[in-house]
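Note sheet for the following structure.
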Amino acid sequence: VGDGPDRPDAEDEARLLGVSADVRALGRIESVAQLIRCADLLLLPSTAESFGLVALEAMASGVPVVGSRAGGLVEVVTDGESGVLEPPGEVERMAERAIELLENRATWRRYSEQAIEQAGAFSTGRLACGPRVGGRIGHGHRSRRQRGERSLRPPSRSGESA
């Protein structure tokens, strides 16, 4: 899902590997929620994620995340509870961990349930300052406002309530 300058290279790689019949490049899709709900796992090997919104969307649908221990993913995914985090660039290890998770249905189910619960901590009413855990913001982290960052809430348009 998505489009960008690497798409032709990715399609060429699929052809070279002989898996192009099993790969669908869907291009840009406005709402990926239905696709995410059909997934068993989200593999997100990005080396930098500002917030990890796609991971949060997957988790809200009960889809465990396997990704890089980088950027905002570490604030969204709890390694060993709602997903798996590996060092950036360790794509082979991420693939191994993904296979392990998919082969162990009890662990997958536990991660799925925990993912839904953790995603709920990021409800839209709480996104402006982060998830609340035990009466404090985040897991000992300072809120975005405390760190001097802008709110994640989009500015309201005239005539719309915030």
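The values are calculated or read from the model by the stated rules, or taken from the named source; none is laboratory data. Remember, predicted model here, so these are calculated numbers, not experimental data. We place every Cβ from the backbone using ideal geometry, glycine too, and count neighbours over all the protein chains shown. All accessible areas refer to the heavy atoms of the entire protein, side chains included, with ligands and DNA or RNA removed. Shrake-Rupley method; radii C 1.70, N 1.55, O 1.52, S 1.80 Å.
Assorted remarks:
- With every protein chain in place and a 1.4 angstrom probe, the accessible-area ranking of Asp22, Asp6, largest first, reads Asp22, Asp6.
- Counted charge near Leu26, where neighbours are those whose Cβ lies closer than 11 Å (Asp, Glu -1; Lys, Arg +1): +2
- Remark: accessible surface ordering of Ile29, Ile99 (largest first) is Ile99, Ile29, probe radius 1.4 Å.
- By the Stokes-Einstein formula, at 1.567 mPa s and 4 °C, region 1-124 with its Kirkwood radius over alpha-carbon pairs has D equal to 86 µm²/s.
- Reciprocal mean inverse distance between Cα atoms of region 71-123 - Kirkwood radius, Å: 11.7
- Note on Glu81: accessible area is roughly 90 Å² with a 1.4 Å probe, heavy atoms of protein only.
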